[in-house]
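The values are calculated or read from the model by the stated rules, or taken from the named source; none is laboratory data. Just so you know, these numbers come straight off a predicted model, no measurement behind them. Note: ideal-geometry Cβ built from the backbone for every residue, glycine included; neighbour counts use all protein chains shown.
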Ligand SMILES: [Zn+2]
Ligand SMILES: [Zn+2]
């Protein structure tokens with residue numbers, strides 16, 4: 001990479017700030033929406049939790065600032081220098097690649113999350129990096145991005161790194177980000193939004209929803225996964241689901 005001109009540097013800064021605003025705005029809008037749904041579906045569930053919710057919003061907005069930096073750099077590089085393997089032409093890859101690329105993104109993110117999450121449960125690392133996330137007892141819809149900056153960095157680099165490795169259509173990338181946002185919220189919401197017919201099905205045996213992640217927040221040293229129970233089953237860390 002050559003030296004960066006002043007306008008180039010300015011564009012990079014604007015891109016990072018824009019991404020921070022987008023991530024922060026997306027968090028407030030979606031967590032706000034699900035908090036509202038919670039108020040309708042489970043009245044009083046968050047009663048008396050105002051202080052915790054304020055803390056969750058504080059750490060989440062700080063995380064949004066951290067998530068915005070690598071995302072902004074990559075978005076700028078994509079626009080200005082054609083970086084990344086993001087494509088916009090539907091015919092660039094076979095149609096079947098679209099769902100497969102989404103699955104590969106989710107599986108790679110899940111794998112990264114599982115192992116970094118287990119690492120963050122080592123006592124010394126936990127106190128520094130992960131205690132903030134577990135300070136939510138039980139978590140609410142606002143806890144989706146409630147991470148200490150160290151944990152936020154481990155989460156923020158995943159998708160910006162994967163777009164260099166795995167070709168993905170820009171619309172499928174949007175789908176990955178939507179799934180990431182919605183599952184991050186619903187897994188922490190404190191109640192199960194998905195039907196029991198799915199949660200307790202054969203497919204549910206492999207998928208993570210609130211019933212699974214809630215148990216992680218209750219018992220700590222189990223159920224480390226993000227989207228799939230693959231690594232938890234394989235490594236013997238899956239303790240089943242609880243009823244949040
Ligand atoms: Zn959690
Ligand atoms: Zn944890």
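With the condition kept exactly as written, say whether any residue in segment 123-138 is more than 18 Å from the chain's Cα centre (by Cα) and more than 14 Å from ligand 2 (Cβ to nearest atom).
yes
Which of the residues that make up segment 116-145 are part of a helix (DSSP H, G or I) and more than 16 Å from ligand 1 (Cβ to nearest atom)?
Of everything in segment 116-145, those that are part of a helix (DSSP H, G or I) and more than 16 Å from ligand 1 (Cβ to nearest atom) turn out to be 123, 124, 127, 128.
Name the residue, out of 209, 140, that is crowded, with 17+ Cβ neighbours inside 10 Å, farther than 17 Å from residue 110 by Cα and at pLDDT 95 or above.
Values: 209 fails: farther than 17 Å from residue 110 by Cα.
Among 209, 140, only 140 is crowded, with 17+ Cβ neighbours inside 10 Å, farther than 17 Å from residue 110 by Cα and at pLDDT 95 or above.
Please work out if residue 161 is within 16 Å of ligand 2 (Cβ to nearest atom) and assigned to a helix (DSSP H, G or I).
Considered against the rule, which asks whether it is within 16 Å of ligand 2 (Cβ to nearest atom) and assigned to a helix (DSSP H, G or I), residue 161 comes out as no.
Taking the stated definitions as given, is residue 172 over 26 Å from residue 104 (Cβ atoms), more than 16 Å from ligand 2 (Cβ to nearest atom) and surrounded by 19 or more Cβ atoms within 10 Å (Cβ to Cβ)?
Spelling it out, it is not the case that residue 172 is over 26 Å from residue 104 (Cβ atoms), more than 16 Å from ligand 2 (Cβ to nearest atom) and surrounded by 19 or more Cβ atoms within 10 Å (Cβ to Cβ).
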